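Student: First, the structure itself, so that you have it in front of you.
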Amino acid sequence: MNNIKIEELAKKTGLKIRIVTSVKSFDTYNSFFNIYDSFDEPCRRIVVLTKYNDLEEVYDESPDEPIVIGKCIGGNYWLKEYPLTTNPNNILLQELSVTQEVADNILKELEG
């Protein structure tokens, strides 16, 4: 199976590689005050391809399920996941790759 480095894929797509923290938004209804409270709880770190230079967080609807590699969620392509305890400085982006099939699907989606 052929792989492509995500740095090469970023160049081909014109997107940036970011390591972001995923958060799950919890809405709770307080009937006494008739309001919704919202709480964000960090879930995991995710390597994404994005058009945003300053992206730091993404919303993660299913933090207990593995990510779908190459899936576009909120305009960002999710590529790799790590536990929240992983230091982002220890994630070596130059060593990460995806399958050629995932890369081709991302390129097709961006063109289409």
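Student: Quickly run through the range 64-112 and pick out the residues that are closer than 12 Å to T13 by Cβ and touching an Asp or Glu at 6+ places or on another chain (Cβ under 8 Å).
Tutor: C72
Student: Now for a different question. Of the residues that sit in the range 84-109 and are closer than 17 Å to L55 by Cβ and assigned to a helix (DSSP H, G or I), which one is modelled with the lowest pLDDT?
Tutor: The qualifying residue modelled with the lowest pLDDT is P88.
Student: For E81, are the conditions met, namely being outside any loop (DSSP other than H, G, I, E, B) and touching a Pro at 6+ places or on another chain (Cβ under 9 Å)?
Tutor: yes
Student: Taking the range 21-57 as the search range and keeping residues that are at pLDDT 85 or above and not in a strand (DSSP E or B), which one is surrounded by the most Cβ atoms within 10 Å (Cβ to Cβ)?
Tutor: The residue in question is L55.
Student: If you scan the range 64-112, which residues turn out to be surrounded by 12 or more Cβ atoms within 10 Å (Cβ to Cβ) and among the acidic types (D, E)?
Tutor: E81, E101, D104, E109
Student: Quick check, is V68 at pLDDT below 95 and either in a strand (DSSP E or B) or closer than 20 Å to L107 by Cβ (or both)?
Tutor: no
Student: Go through (1) loosely packed, with under 13 Cβ neighbours inside 10 Å; (2) at pLDDT below 95 and name the single condition D60 misses.
Tutor: (1)
The values are calculated or read from the model by the stated rules, or taken from the named source; none is laboratory data. Being a predicted model, the structure only gives us computed values, none of them experimental. Quick reminder, even Gly has a Cβ in these numbers, built from the backbone with ideal geometry, and neighbours come from all protein chains shown.
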